[in-house]
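Some notes on the structure that comes next.
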Amino acid sequence: MKRFKAPVIFALLIVLFALLPMGATAQEDQGTRLQPGETAPKEENAPRGENQGPTTPTPPPGRAQPAPPGNASQCVGCHRTTSPGIVRDWEASKHGKAGVDCARCHGPSHAELKPVSAGTCGQCHSRQVKEFGDSKHAIGWDPKMTGNSRYKALAEPIQKLGCEKCHNIGYKFADNSVGRCDACHTRHTFSVEEAREPVACASCHLGPDHAQIEYFETSKHGTIYAAEGNTGRAPTCVTCHQPGGNHNVSLNLTFGQVSNGAVLKGESAPPIPMREITREEFEKNRKGMVDICSRCHSSSFATNYLATADEVKKKADSLIKEATDVIQSLYDDGLLPNKEKAVLGGQQLYSGTSQVESLFFKMYKYDHIHTFKGAYHMNPDYVHWLGWSEMQRSLTAIKSEAQTVRDLAALRGKGLRSSSVLLWVAVGLGGLGAILALLALARRG
Ligand code: HEC
Ligand code: HEC
Ligand code: HEC
Ligand code: HEC
Ligand code: HEC
Ligand code: HEC
Ligand code: HEC
Ligand code: HEC
């Protein structure tokens, strides 16, 4: 009996052993970094069309209280107790002094409260509304935010308090007017002094993907401003971007525009989607900016500085090109999932991607931007340590990860082959064991 059992158990054990590496390979397949693209979040098609611009478009039903039609002093009288801060700010403002009362902006009674739109301000400030409408601030909401795949992939609360609170600077109102005029001069002082301070821009122009306030604050211009205040000796954001009080902040920009900037039309193909400008636009806009610098610098000093910043931008673009080539060859060889859905650049998702795409996200969205926007804002630290050197480190990581992806694919190919050889050896051995056992049985019988 004992002599019969031992060879059978031995044969079964060998078969089991041969199967083990197969199981392990299958598990590794599920956990590998080549797969995660499959879990990319679903994109909704249509943006939500609700009114997300003003904080208080209309009072909720039932809360509206009777207020005397158009009687400002009564609005003020009652609000002095219900919201004293608002009345204090308004009274101190030019509006308060000029008699532009609550009802002029909000409507004559609680029953008729309307959203305070750019059109409302435009009744008395049409020039500013027009200039604002010519700037890219006016496209910040629609289509740039609402048409963005990252926006569409987000849950509503993140959209609302994440994207929308900055991009509502370009909110489109029901009356077709565009822009939240309280983005820089906040209610209810609506002060020009406040809007002229760099901090007025800081609540939006900060952070890893557009750190203009940080570039400025630690540039020579920003340090003079910090040491001496807004004396006019150093330029502020508004000196360079709203010359003469113009509300079109897009004036005089060339390659250093929003997002990943621009390239010269016909001269170089952008490695990821970027705007294109013509040579004429370049010359005209550059002259406009140098004219501003020339109030305090020689024009050759300013021209040379900005020309070098243009070269920094081109160098940074070429590193992006190197990275996209590496990733493109992975797509071409079918080594990354979702080739047809994959996008690099402005519409690229930051979640549910492969590791190599995620490394690229950091490179194009943070490192590239710091390098050239730091240069246009005279900040050597962002150009180099937070920009260029980070781009280089990201590129190294991308190349290394691409190699890992290739090695893993090669190994998996080999791994499968070696485990099937093992399987056949095991089956053979198992069969041999079984025959031996039968022979032993037969001999006993
Ligand atoms: C009898 C007192 C009273 C008068 C008069 C009055 N209000 Fe109000 N108003 C209130 C109260 C109370 C609220 C609710 C405040 C709150 O939610 O804390 C309010 C809210 C508002 C809001 C915010 C609505 C919202 O949904 O948050 C606006 C705007 C407003 N009033 C404008 C006006 C204007 C314009 C007038 C004059 C035409 C006016 N009020 C007259 C008491 C008054
Ligand atoms: C020059 C236009 C203007 C005037 C004048 C004005 N407001 Fe406003 N007010 C706004 C804007 C813009 C908003 C923000 C957008 C919105 O909520 O529609 C706002 C928002 C509000 C809010 C809701 C938001 C909050 O912070 O609670 C209240 C309440 C309010 N205003 C009350 C008043 C009262 C009271 C007066 C008069 C003392 C007044 N407003 C005068 C433009 C104005
Ligand atoms: C009914 C006309 C009227 C409306 C509507 C109006 N304003 Fe004014 N605004 C004025 C007047 C009048 C002045 C004072 C001009 C002066 O004293 O030089 C003024 C001054 C200003 C100033 C300069 C303040 C300063 O510190 O010098 C700003 C900024 C401003 N308004 C913004 C707005 C915004 C934003 C809106 C819409 C939310 C708005 N205004 C709606 C009439 C209006
Ligand atoms: C409420 C948020 C917010 C504030 C405050 C704000 N911006 Fe912007 N800004 C944006 C957004 C969003 C964009 C990008 C719009 C787009 O192209 O979709 C932008 C774009 C710009 C651009 C690029 C324009 C181009 O053509 O490439 C400049 C320059 C600019 N802002 C300057 C300023 C200045 C100067 C201030 C302060 C005086 C300021 N912004 C305040 C949100 C803001
Ligand atoms: C990006 C920030 C920003 C936004 C958004 C903005 N303003 Fe201004 N506004 C400024 C600055 C800065 C000044 C002062 C410019 C200067 O130095 O003379 C100013 C000045 C003004 C003045 C005073 C003009 C004068 O000659 O005294 C008015 C009126 C005004 N803005 C209205 C508006 C209106 C209406 C809107 C909405 C379409 C708006 N602003 C949106 C930044 C902004
Ligand atoms: C000394 C002038 C100067 C000052 C001060 C300045 N900028 Fe700029 N800004 C530039 C130049 C130059 C460019 C790029 C011009 C080009 O494309 O040729 C630029 C571009 C921009 C852009 C487009 C994207 C980018 O960064 O290239 C934004 C947004 C911007 N600036 C915002 C700001 C804000 C916000 C401040 C204040 C915190 C500020 N700037 C201060 C000169 C200045
Ligand atoms: C802290 C404020 C802030 C938040 C939050 C924010 N943005 Fe922006 N966004 C900006 C500013 C400022 C710019 C332009 C400055 C620049 O690019 O140098 C910009 C630029 C953009 C651009 C490029 C616009 C163009 O004309 O090419 C897109 C697209 C964009 N944002 C989408 C989004 C989406 C989607 C979200 C949410 C996932 C978001 N942003 C969150 C402030 C913000
Ligand atoms: C309102 C005056 C003013 C304007 C406008 C201005 N600057 Fe400056 N800038 C200064 C001052 C003052 C300094 C400090 C000079 C020093 O470092 O001794 C400075 C410093 C600099 C520096 C660093 C110092 C150096 O020698 O490298 C650069 C670069 C620079 N500015 C470039 C520009 C450019 C480019 C523009 C236009 C886009 C510009 N500035 C606009 C006043 C200005």
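The values are calculated or read from the model by the stated rules, or taken from the named source; none is laboratory data. Note that the structure is predicted; figures quoted are calculated from it, not measured. Here Cβ is always computed from backbone atoms with ideal geometry, including for glycine, and neighbour counts include all displayed protein chains.
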(Q) Step by step: first the residues of segment 161-220, then only those that are among the hydroxyl-bearing types (Ser, Thr, Tyr) and near ligand 6 (Cβ under 9 Å from one of its atoms), then the one that is surrounded by the most Cβ atoms within 10 Å (Cβ to Cβ). Which residue is that? (A) Tyr215
Q) Do the conditions hold for Ala64, that is, is it over 24 Å from Ser177 (Cα atoms), at pLDDT below 95, surrounded by fewer than 18 Cβ atoms within 10 Å (Cβ to Cβ) and touching an Asp or Glu at 6+ places or on another chain (Cβ under 8 Å)? A) no
(Q) Being farther than 22 Å from Asp209 by Cβ, within 16 Å of ligand 7 (Cβ to nearest atom) and surrounded by 13 or more Cβ atoms within 10 Å (Cβ to Cβ): is that true of Leu251 here? (A) yes
Q | Flag for Ala155 being within 16 Å of ligand 6 (Cβ to nearest atom) and over 13 Å from the mean Cα position of the chain (by Cα) | A | no
Q. For segment 225-236, does any single residue satisfy the condition of being outside any loop (DSSP other than H, G, I, E, B), without any contact (Cβ under 8 Å) to a residue 24 or more places away in the chain and buried (at least 16 other Cβ atoms within 10 Å of the Cβ)?
A. no
Q: Give the residue, chosen from Arg406, Arg412, that is at pLDDT 95 or above, away from ligand 2 (no atom under 16 Å from the Cβ), more than 21 Å from the chain's Cα centre (by Cα) and assigned to a helix (DSSP H, G or I).
A: Arg406
(Q) Whether any residue in segment 231-254 is among the basic types (Lys, Arg), within 11 Å of ligand 4 (Cβ to nearest atom) and either at pLDDT 95 or above or under 30 Å from Val343 (Cα atoms) (or both) is what I want to check. (A) no
Q | Only listed residue being crowded, with 20+ Cβ neighbours inside 10 Å, away from ligand 2 (no atom under 16 Å from the Cβ) and more than 22 Å from the chain's Cα centre (by Cα), chosen from Ala302, Ala309, Ala375, Ala323 | A | Ala309
Q. Only one of (1) touching a residue at least 40 places away in the same chain (Cβ under 8 Å); (2) part of a loop (DSSP other than H, G, I, E, B) is not met by Met289, so which one is it?
A. (2)
Q: Could you check Ser268 against (1) among the small types (Gly, Ala, Ser); (2) within 16 Å of ligand 8 (Cβ to nearest atom); (3) modelled with pLDDT under 95 and say which number it fails?
A: (2)
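Residues checked against (1) within 28 Å of Lys144 (Cβ to Cβ); (2) in a helix (DSSP H, G or I); (3) in contact (Cβ under 8 Å) with a residue 24 or more places away in the chain; (4) hydrophobic (A, V, I, L, M, F, W, C):
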site: Asp310; (1), (2), (3), (4): yes, yes, yes, no
site: Ala316; (1), (2), (3), (4): yes, yes, yes, yes
site: Leu319; (1), (2), (3), (4): yes, yes, yes, yes
site: Ala323; (1), (2), (3), (4): yes, yes, yes, yes
site: Ile327; (1), (2), (3), (4): yes, yes, yes, yes
site: Leu330; (1), (2), (3), (4): no, yes, yes, yes
site: Leu335; (1), (2), (3), (4): no, no, yes, yes
site: Gly345; (1), (2), (3), (4): yes, no, yes, no
site: Ser351; (1), (2), (3), (4): yes, no, yes, no
Q: Taking the options Ile213, Ile158, name whichever one is in contact with a Leu (Cβ under 9 Å, 6 or more places away or on another chain) and more than 14 Å from ligand 2 (Cβ to nearest atom).
A: Ile213
